[in-house]
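Asker: Got a structure for you, written out below as structure tokens; questions coming shortly.
The values are calculated or read from the model by the stated rules, or taken from the named source; none is laboratory data. This one's a predicted model, so the numbers in the text were calculated from it and none came from an experiment. Positions of Cβ are generated from backbone atoms using ideal geometry, with glycine treated the same way; all protein chains shown enter the neighbour counts.
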Amino acid sequence: GRGLAHVASAEGVFVAEKIAGVHAPEVHYDAIPACTYCHPEIASVGLTEDKARAQNIPIKVGKMPFRALAKATAAGDPNGFVKVIWHAETGALVGAHLIGPAVTDLIAELTLAKTTEANAESLAYTIHAHPTFAEALRIATEDALGHAVDL
């Protein structure tokens, strides 16, 4: 696994529950969030667009610049973006890359989507409060699907 505290914690739970003989949740190594705690914050999960293309994965890519996000403008920090990469045929999340305020928190929703194999439509049709940073995830996904009304 990767040398991250949250991975070690998940691995510890897995081992402890295996030893105890109870259901042990598997560690999904393809769905581990990576976060850089700086300014601006950086977060990602899954493959990059280039790696997905190199693996011949059919993809749909969506982006949401924070300068078009009401919450980022109100917070005085409109620099950053959300980029989501969805499988063009299955709708599964292939990867996501975020830069900007609160993205180390936002990555959890995308990690959940990857872990549970939620599809793009599920995220696009989930109502996100406005104004929030989280609605950037919905809008970027709508962009990938070709119907972002907020861009």
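Asker: Criterion first (under 30 Å from L4 (Cα atoms) and either in the same structural domain as P40 (by TED's automatic domain parsing) or of a type in the set (V, I, T) (or both)) does T73 satisfy it? I'd like the intermediate steps shown before the answer.
Answerer: Numbers: under 30 Å from L4 (Cα atoms): no; either in the same structural domain as P40 (by TED's automatic domain parsing) or of a type in the set (V, I, T) (or both): yes.
No, not satisfied.
Asker: Look through segment 21-78, keep the residues that are assigned to a helix (DSSP H, G or I) and of a type in the set (D, E, K, R), and return whichever of them is farthest from A102 (Cα to Cα).
Answerer: Taking segment 21-78 first, the residues assigned to a helix (DSSP H, G or I) are 29-31, 49-54, 66-68, 70-74.
The next check asks that each one be of a type in the set (D, E, K, R); those that pass are 30, 49-51, 53, 67, 71.
Values: D30: 22, E49: 22, D50: 25, K51: 25, R53: 28, R67: 14, K71: 11 Å.
Step by step, filter segment 21-78, then rank; the result is R53.
Asker: Output the number of the condition that E89 fails; it satisfies all remaining conditions of (1) over 27 Å from V27 (Cβ atoms); (2) surrounded by fewer than 22 Cβ atoms within 10 Å (Cβ to Cβ).
Answerer: (1)
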